[in-house]
Amino acid sequence: MWKRVLKLFIGLYVPLFALTLFLYHSQKAEQIDAIMERQIRANTMKKDSFKEKYYSFLRNTQYWASLKYPKNFDPLAEHSSFLNAYLELIEYITIYDQFRFIDLEGKEFFRAQRVGNDTLIINPLQDKNQHTYVQAGLQLKKNQIYLSQISLNKENGKIEKPHKPVMRAVAPIFDIDENQIGLVVINFKMKKILDQIKAKVEEKNIYLLDENFKVITASTIEEDLPYESENKNRYIDGILNTKAITHIRDSTFVENGHIWTQQSINLNGATFTFGSQSNLPTEVITQSNLLMALEVPPRVVKAELQPLFRSLLIFNIISIAGLLMLCYVFQKKKIEKELFYRELESKNILLTRSKDKLEENNVMVNEMNNSLEIRNKQLSDFNYLISHNLRSPVTSMSVIVEMIQKEKNPEVLHQLLPKLDDVAKSITHLTEDINDYVSILDNKEIKIADINLEELIEEVKHEFTETLLNNSGFEVRLDLKGWNHITYSKLYLQSIVHNFISNSIKYKRDNVDSYIEFESALENNQKVLYVRDNGIGLNLSRHGENVFKLYKRFHRNISGKGMGLFLVKSQLEALNATITIDSKVGEGTTFKLIFEK
């Protein structure tokens, strides 16, 4: 009973399970889309916050660039009173790490350095002509600001410790006559800003990369700009879990269970009007194109999908329990009904036993009749094989014996004796194959073996007088490049080849060099044998339906029994082979034999 219950349960549950999988995957896709939307919003907030910090740097820098400085500006001596008014302001702007004025030759003529959080001291001047940000600053025009890459601050060529990530903003400064007197360079502290970026958003990991995909900061590592410190080779590998991050476009994608959102921060060429006394736009020049990437790790994705999985699991457990109970009740009722009908049937059996016995006897008689019909058919085929296949070699032997009796020329006799031997061997082989066929009839199975087709055709060819003599005007051609060996009944294949050669001789055209050609081929991974002749042909539109029927003859002026092609078709179909015919009157006939794979 439980086997039947389980079978019914499987039939009912499999569609339900497929529906559950479909719902799970569709709901999962919606959940992931929702996660992506939240991730894009979170990344956008981080990006906008970061850009707003950059805008404040630009506003600060533009403020200093927009001031009108005295001629021959010397903030440490002659014009110290001019700058003193601003030093207190600089001291309270805690994001300033360094504040410098650099002349047009790249040398500092004012340098203020922050010590701690509140103290600003005047430091010795340095020559910064070789620094990239100075070279880039000297190329600036009025109302242009250069932003450097975020890097660790260096003093005298060495990284300052503790590490101090900074970003330098550079702008040209002009005197009251609009003559450029140098550059203002502000080192902005980036530590707090990078720490704000590293602050996780809902268990997500965030990364800030530069244009070379070097990691500036990440929530998965403590240090900033690791590639500038001791870990000089720490790029994406070992920090990020993807290589699909690209500056080409903003995108959100799923890779190996991680959900990634990337957004580029590109300020190069951007223009702003804040803080400009002339109200002219200020253009930002920078090669520091940044990329902010937000990652949802697989464990977070799994946690988000867990309620969906749990609800579908509970649904399936309840469904399994309900279906099992339903199947059990249904099968129990069905078995009770079957028992009732079984008892009723047992009573009917007592009444119909004699009738059943009679029907059994009838079935036995029918089976015996069918067996006798099959046996008679096999015996009929056997009788035909003996009479039909022996006729040609015996006739050939009679002809050769008659020629030997009449021939007086020793040379001709010498030629005829080997041919007589070939005919005798053919009869011997045929007798052996007939014995095999008798064994097959006794064993009720067809004996098959590996057959060399060329050898078999050559053997059958010697059974005909027309093929024994070189000047008979009839030729057997072989083209067996496609294949030459086949596993088949040798007796059947001999009979088939014999019938084809016999028919091509019998129905050849007058005044034409007649031939029969056997060509092997491989088509659709099956062995195919084409048998062609150039005989008188057949009108298929008139006789096509009867070609392979028993006792059907289509040329009344030529003797025959009409059994050859019937036997060929029967022998082929006995081993699952098929035959088709294509023929034209006056041109010839082509048979196509297709053997089982």
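Hey, any hits in segment 414-421 for a residue that's at pLDDT below 65, over 30 Å from residue 4 (Cα atoms) and open to solvent by 60 Å² or more (accessible area, probe 1.4 Å)? Checking segment 414-421: not a single residue is at pLDDT below 65, over 30 Å from residue 4 (Cα atoms) and open to solvent by 60 Å² or more (accessible area, probe 1.4 Å). Being over 48 Å from the mean Cα position of the chain (by Cα), open to solvent by 10 Å² or more (accessible area, probe 1.4 Å) and either within 30 Å of residue 295 (Cβ to Cβ) or modelled with pLDDT of 90 or more (or both): is that true of residue 192 here? For residue 192, the condition - over 48 Å from the mean Cα position of the chain (by Cα), open to solvent by 10 Å² or more (accessible area, probe 1.4 Å) and either within 30 Å of residue 295 (Cβ to Cβ) or modelled with pLDDT of 90 or more (or both) - is met.
For segment 79-111, the set of residues classified as surrounded by 14 or more Cβ atoms within 10 Å (Cβ to Cβ) and free of Cβ contacts under 8 Å to residues at least 12 places away in the same chain consists of 79, 86, listed by residue number. Within segment 505-549, being surrounded by 14 or more Cβ atoms within 10 Å (Cβ to Cβ) and either under 17 Å from residue 569 (Cβ atoms) or without any contact (Cβ under 8 Å) to a residue 12 or more places away in the chain (or both) holds for 528, 529, 530, 531, 538, 540, 543, 546, 547, 548. For the condition assigned to a loop (DSSP other than H, G, I, E, B) and either of a type in the set (A, V, I, L, M) or open to solvent by 20 Å² or more (accessible area, probe 1.4 Å) (or both), what is the one hit in 142, 53? When all the criteria are applied, what remains is 142. Within segment 269-283, being part of a loop (DSSP other than H, G, I, E, B), open to solvent by less than 80 Å² (accessible area, probe 1.4 Å) and either in contact with a helix residue (DSSP H, G or I) (Cβ under 6 Å, 6 or more places away or on another chain) or modelled with pLDDT of 80 or more (or both) holds for 269, 270, 274, 275, 281. Filtering 176, 159 for residues that are over 17 Å from residue 100 (Cβ atoms), in contact (Cβ under 8 Å) with a residue 12 or more places away in the chain, exposed (fewer than 15 other Cβ atoms within 10 Å of the Cβ) and touching a strand residue (DSSP E or B) at 6+ places or on another chain (Cβ under 7 Å) leaves a single hit, 176. Kindly check whether there is at least one residue in segment 329-345 that is assigned to a helix (DSSP H, G or I), β-branched (Val, Ile, Thr) and within 40 Å of the chain's Cα centre (by Cα). No, because not a single residue in segment 329-345 is assigned to a helix (DSSP H, G or I), β-branched (Val, Ile, Thr) and within 40 Å of the chain's Cα centre (by Cα). Pairing residues of segment 50-78 that are among the β-branched types (Val, Ile, Thr) with residues that are buried (at least 17 other Cβ atoms within 10 Å of the Cβ), at Cβ distances under 8 Å and at least 6 apart in sequence or on separate chains, gives 61/145; 61/169; 61/170; 61/171; 61/184; 61/186. Within segment 114-137, being in contact with a strand residue (DSSP E or B) (Cβ under 7 Å, 6 or more places away or on another chain), in a strand (DSSP E or B) and open to solvent by 20 Å² or more (accessible area, probe 1.4 Å) holds for 115, 120, 121, 122, 127.
Of all the residues in segment 307-327, those that are loosely packed, with under 12 Cβ neighbours inside 10 Å and in contact (Cβ under 8 Å) with a residue 12 or more places away in the chain number 0.
The values are calculated or read from the model by the stated rules, or taken from the named source; none is laboratory data. This is a predicted model, so every value here is computed, not measured. Quick reminder, even Gly has a Cβ in these numbers, built from the backbone with ideal geometry, and neighbours come from all protein chains shown. Accessible surface areas use protein heavy atoms only, side chains included; no ligands, DNA or RNA. Shrake-Rupley method; radii C 1.70, N 1.55, O 1.52, S 1.80 Å.
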